[in-house]
Amino acid sequence: MAALPSNAQVAVIGAGAMGAGIAQVAAQAGHPVMLYDNRPGAASQAVQGIDRQLGRLVEKDRLDASAREAITARLQPVETLDALGEAHLVIEAIVENLQVKQDLLRQLEALCTVDCILASNTSSLSITSLAAGLCRPQRVIGMHFFNPAPLMALVEIVSGLATDPALAATLYDTAKAWGKQPVHTRSTPGFIVNRVARPFYAESLRLLQEGAADCASLDALLREAGGFRMGAFELTDLIGHDVNYAVTCSVFDAFHGDFRFQPSLVQKELVDAGRLGRKSGQGFYDYAAGAERPQAAELHSQARVERCVVEGQPGPLHALLPRLRASGIGVTERAGSGLLRVGDATLALSDGRLASQRAQEDGLRNLVLLDLALDYASASRIAISWSADTTAQARDQAVALLRQAGLQVTAVADLPGLVVLRTVACLANEAADAMLQGVGTPGDIDLAMCAGVNYPQGPLAWAEQLGVGYTLKVLEHLQHSYGETRYRPSLLLRRIHAEGGRLHG
Ligand code: NAI
């Protein structure tokens, strides 16, 4: 299936942040683009704004002046909807309201040719519902760009129940021709990204609510151990809590109140208080001029460690061993069950149980649990928690070991799965459920999370790297600890584990 030819007329409706960005992308790809907004003058203003953006690219030598002129010349602001009758592809990016969008689509259907593609940039409405009641629902499709559209690579191509598969193929190829990274998905709540990403916010919010650590520490752990571009609190402050909370509520409602998507009371309170994040001057952090940014908490140690013992295969922690050796610590390896011993302390990668519970069940004294890191060889910070009977001296030795290897150490309360591990396990669980339900292929799901929200690695590939069995065990322990369906493992993880198969084919 071929992309739309670059001379095909594109129309964009809604000249706000998204519509202007999409119009720019299409014009940069060579299309003549009409831009319409029902607010008089808004489309012309948006074209002027796009021209200024292009001017900045020219100043930075990323675009030449003649290309800027040609792109701007391809953008035609129009003041009536009737002007769009000849468009081959219409992309609407108007207000996020089902009724208003349906009315617009009905008008477009009456106005445009029978083979015109009617695409919606909606981020939360059902494409199936948008198309319902139209004469040609097979011509309606989602083309979900991310903000800012000229910069973000991902485009979700969303098929509703009636969407013609050939249309999805055409738009996929068209998005590719526009320099984007498209993925196919079905019209289900949140599509891929806004569904699979929910636990990223939810787990941090829950950890905060349960007193695991402060915002700055939890954010630093997701960044410096997890490899995420931003922590959940700084990211939701940037997105705006009203927007982020509304997306969570909409996904939660659309799944008929499935507890996996339950909105956070902590975030609701911020919204109620008008602390919407950067845009209101305060969210989890204070953005007032001169306000001090809190630092992540850090443990120090007076102890000095000369050697440690590794018993058996420590799993992902294995990548820490060269780092320990390089820092001059003698590492002895012997048979055992994947533990690290230093002085009086026993260190282990969390398996989703509480430290105190695991110490008791496995008969381990002075247990210190380590959180997951994306890459133990290069992480700069790690979270630890410990069981109630761990002595201060043992803890001190564990901290010394990690600090000597160049890691900053942040303590979190004894909660199941610490910070990065439980976040990654829950992301992988949601991704697996989306895969099970045919929302996307494993490749598209992982790609969407990397290209749409900059995850350091796709959740499915991450689970595979950790081991599907281990990811499953972490989730089972979380579910057992909390007794909530929120952490129920996806059937797909169970099946793949039982079959000894792979998530990525
Ligand atoms: P916006 O509020 O910046 O722009 C919406 C524009 O549509 C306004 O200029 C408004 O005058 C115009 N408009 C409203 N009703 C109209 C109508 N009936 N006919 C013509 N024009 C009309 O909104 P934004 O952020 O650009 O969002 C637009 C759409 O894109 C929404 O569906 C939103 O869910 C979706 N979206 C937004 C993202 C974001 O980060 N802002 C990301 C991805 C999708």
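The values are calculated or read from the model by the stated rules, or taken from the named source; none is laboratory data. These figures come from a predicted structure and were not determined experimentally. Positions of Cβ are generated from backbone atoms using ideal geometry, with glycine treated the same way; all protein chains shown enter the neighbour counts.
Within the range 129-149, how many residues are assigned to a strand (DSSP E or B) and away from the ligand (no atom under 13 Å from the Cβ)?
Residues flagged as assigned to a strand (DSSP E or B) and away from the ligand (no atom under 13 Å from the Cβ) within the range 129-149 amount to 2.
Could you check the range 470-498 and list, in sequence order, the residues that are part of a helix (DSSP H, G or I) and closer than 19 Å to residue 414 by Cα? It would help to see each step written out before you state the result.
To start, the set of residues in the range 470-498 that are part of a helix (DSSP H, G or I) comprises 470-482, 485-487, 491-498.
Answer for the range 470-498, where residues must be part of a helix (DSSP H, G or I) and closer than 19 Å to residue 414 by Cα: 473, 474, 475, 476, 477, 478, 479, 480, 481, 482, 487.
Hey, any hits in the range 263-278 for a residue that's in contact (Cβ under 8 Å) with a residue 40 or more places away in the chain and more than 28 Å from residue 413 (Cα to Cα)? Let's see the steps before the verdict.
Here is the first cut: in the range 263-278, the ones in contact (Cβ under 8 Å) with a residue 40 or more places away in the chain are 264-267, 277-278.
Subset that is more than 28 Å from residue 413 (Cα to Cα): 278.
Yes, some residue in the range 263-278 is in contact (Cβ under 8 Å) with a residue 40 or more places away in the chain and more than 28 Å from residue 413 (Cα to Cα).
For residues that are under 19 Å from residue 104 (Cβ atoms) and either more than 15 Å from the ligand (Cβ to nearest atom) or touching a helix residue (DSSP H, G or I) at 6+ places or on another chain (Cβ under 6 Å) (or both), tally how many sit in the range 40-75.
1
Which condition from (1) in contact (Cβ under 8 Å) with a residue 12 or more places away in the chain; (2) under 28 Å from residue 244 (Cα atoms); (3) not assigned by TED's automatic domain parsing to the domain that holds residue 231 is the one that residue 99 breaks?
Result: residue 99 passes all but (1).
Looking at 427, 402, can you tell me which residue is in contact with a helix residue (DSSP H, G or I) (Cβ under 9 Å, 6 or more places away or on another chain), in the same structural domain as residue 348 (by TED's automatic domain parsing), part of a helix (DSSP H, G or I) and modelled with pLDDT of 95 or more?
402
Hey, could you check the range 3-39 for residues that are in contact (Cβ under 8 Å) with a residue 60 or more places away in the chain and in contact with a Ser or Thr (Cβ under 7 Å, 6 or more places away or on another chain) and say which is nearest to the ligand (Cβ to nearest atom)?
Restricting to residues being in contact (Cβ under 8 Å) with a residue 60 or more places away in the chain and in contact with a Ser or Thr (Cβ under 7 Å, 6 or more places away or on another chain), the top hit is 29.
Could you list, in sequence order, the residues of the range 313-345 that are of a type in the set (Gly, Ala, Ser), within 37 Å of the chain's Cα centre (by Cα) and part of a strand (DSSP E or B)?
345 - this is the single residue of the range 313-345 that is of a type in the set (Gly, Ala, Ser), within 37 Å of the chain's Cα centre (by Cα) and part of a strand (DSSP E or B).
Which one is nearest to residue 251 (Cα to Cα) among residues in the range 109-128 that are more than 7 Å from the ligand (Cβ to nearest atom) and touching a residue at least 40 places away in the same chain (Cβ under 8 Å)?
Ranking the candidates gives 126 first.
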